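Here's the structure we're looking at; comments come further down.
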Amino acid sequence: MRSLLAYIITRLFLTIPMILILLTIVFFIVRVMPGDPVIAMLGPKGTPEMIEEMRHQLGLDKPVISFGLDNQYVDYLSDLLHGDLGVSTYYKVPVWEKLKLYFPATLELTIFGLFIAFGVGIFSGAFAAEKRKTVADYSIRLYGIAIYSIPIFWLGLMLQIIFGVWLNDITGGRFAFPIAGRISARISPEVITGLFVLDGIITGSWKQVVNSLFHLTLPAMTLGLVLSGIFVRLTRANMLDVLKQDYILSADARGVRRRKVVYRHALKNAFVPVLTMMGLQFAYLMAGAVLTETTFSWPGMGSYLVEAVNYRDFPAIQGTIIFIALLVASISLVVDIIYAFIDPRVRY
């Protein structure tokens, strides 16, 4: 346990400079973006005096960085240390308030996307390894390469056309899936956690649960299917290694059913490297959610970020990216610690 504790402490210290570098990159990327947030906020009716006054109020008249402490970069880090993500220049409310509103939608979409990626990717990869060098194996490997190569927005549009538009025409709208929004306008969701499916279960509103799941189906499939490609290949490769181990050969020799050997014993051990990949791919899911939310008009952080970029809302852009980045760094840290707990060989 001492080695695990040392690993956790070392990993925590290594995370601090990584986050500082990340915050610095976000700050400068936002500053070099084209467009002026003050002009975007005031519009064409803003006089030079109004622009100058607003620039002063927002602290944008200070140098971006200097040798002293009176500059935008120091103000930015100081605010973050106090947990202040700034005030949206467009909505005039704290960015944190907007993120609390939009984050549950993104989290719900990401969780369901991850379930689909795991379900499809891991079991397809295990099946391909079991059926090595058969038509099923080659077909699943081809699927893994093809699905991971498809642009996420294009897949989203195709699913909208097939399951939203064509299915609506064929069935007269009885079985078509919604192509936009989180829930039907005729339902007033009871909000407790912000996750509509979970809230519906808590309050016993099964109509809300079913309607939310219908709205989640296409965007979650878009995210999950694209990500399943990498899990197919990773699981298959790990399974092939595990299936050569002595204890697997011994189980086969003892006449244990093949399905039990593959899915109960081999898959469990092949899952450890997949766990690490899960943390890394969570970042991909969050990034992919931006495109998916835009495609499906999903009211999450991705849609909020796109809106903030259109309005040159610097605090909103910074706050959203920092929030996502810190979330990804935290999840990566937790996954590494779990990995070290499971496999002592990775500890320092």
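The values are calculated or read from the model by the stated rules, or taken from the named source; none is laboratory data. Only a predicted model underlies this, so the values are computations on that prediction, with no experimental measurement involved. Methodologically, a virtual Cβ is constructed for each residue, glycine included, from the backbone with ideal geometry; neighbour enumeration extends over all protein chains shown. Accessible surface areas use protein heavy atoms only, side chains included; no ligands, DNA or RNA. Shrake-Rupley method; radii C 1.70, N 1.55, O 1.52, S 1.80 Å.
Have a look at ILE187, ILE152, ILE19 and tell me which one the Gaussian network model of the chain (Cα, springs below 10 Å) gives the largest fluctuation. Among ILE187, ILE152, ILE19, the largest mean-square fluctuation in the Gaussian network model of the chain belongs to ILE187. For semi-axes √(5λ) of the Cα gyration tensor in Å, the value calculated from this model appears in (i) 34, 20, 20; (ii) 36, 22, 16; (iii) 42, 29, 17 under label (iii). Residues in the chain average 54 Å² of solvent-accessible surface per residue, probe 1.4 Å, ligands and nucleic acids excluded. With a threshold of 26 Å on the Cα-Cα distance, the over-threshold entries among LYS45/LYS92; LYS62/LYS100; LYS92/LYS207 are LYS62/LYS100; LYS92/LYS207. Using 0.36 nm per residue and subtracting the Cα-Cα separation, the extra length available between SER330 and THR134 on full extension is 66.5 nm. Counting only protein heavy atoms and using a 1.4 Å probe, what share of the accessible area of the range 101-245 belongs to carbon plus sulfur, as a whole percent? Its accessible area is 69 percent carbon and sulfur atoms. In the context of the full protein assembly, VAL93 retains an accessible surface of approximately 50 Å², using a probe radius of 1.4 Å and ignoring ligands and nucleic acids. Just checking the listed ones, ILE248, ILE145, ILE321: in the Gaussian network model of the chain with Cα springs under 10 Å, the one fluctuating most is ILE248.
For the range 1-84, the carbon plus sulfur part of the accessible surface works out to 71%, probe radius 1.4 Å. Per-residue SASA remark: THR89, around 10 Å² accessible (1.4 Å probe; ligands, DNA and RNA not included).
Comparing LEU249, LEU223, LEU58 in a Gaussian network model of the chain (Cα springs below 10 Å), the most mobile by mean-square fluctuation is LEU249. In percent, what relative contact order does the chain have, based on Cα pairs under 8 Å that are 6 or more apart in sequence? Value for the chain: 28 percent. Helices meeting the span-like rule in the chain (full DSSP H runs, Cα extent of at least 20 Å along the helix axis, mean Kyte-Doolittle score of -1.0 or higher): 2-32, 95-130, 135-149, 206-242, 267-295, 314-342.
With the helix formula -39500 (n - 2.57) applied to DSSP H stretches of n ≥ 4, the chain reaches a computed 222 nm mean residue ellipticity of -23500 deg cm²/dmol. On full extension, the segment bounded by THR193 and VAL256 gains 18.1 nm, given 0.36 nm per residue less the C-alpha separation. By a 1.4 Å probe calculation restricted to protein chains, THR294 has an accessible surface near 80 Å², given to the nearest 10.
Per-peptide packing, taken as the mean over residues of other Cβ atoms within 10 Å, places 225-232, 199-206 in the sequence 225-232, 199-206 from highest down. Ranked by solvent-accessible area (1.4 Å probe, protein heavy atoms only, all chains present), the residues ILE51, ILE29 order from largest to smallest as ILE29, ILE51. Between ARG186 and GLU53, the contour length at 0.36 nm per residue exceeds the Cα-Cα span by 43.4 nm. With every protein chain in place and a 1.4 angstrom probe, the accessible-area ranking of HIS265, HIS56, HIS215, largest first, reads HIS56, HIS265, HIS215. When LEU14, LEU142, LEU99, LEU107 are compared by accessible area at a 1.4 angstrom probe, the order from most to least is LEU142, LEU14, LEU107, LEU99.
Using a simple charge model, +1 on the beta-carbon of Lys and Arg, -1 on the beta-carbon of Asp and Glu, nothing else, what dipole does the range 12-111 show about its Cα centre, in debye to the nearest 20? Mind dumping the intermediate values first?
On the way: 7 positive and 11 negative charges, 50 e Å.
My answer is approximately 240 debye.
Using the Cα coordinates of the range 43-177, the gyration tensor eigenvalues translate into equivalent-ellipsoid semi-axes of 50, 24, 15 Å, sorted from longest to shortest.
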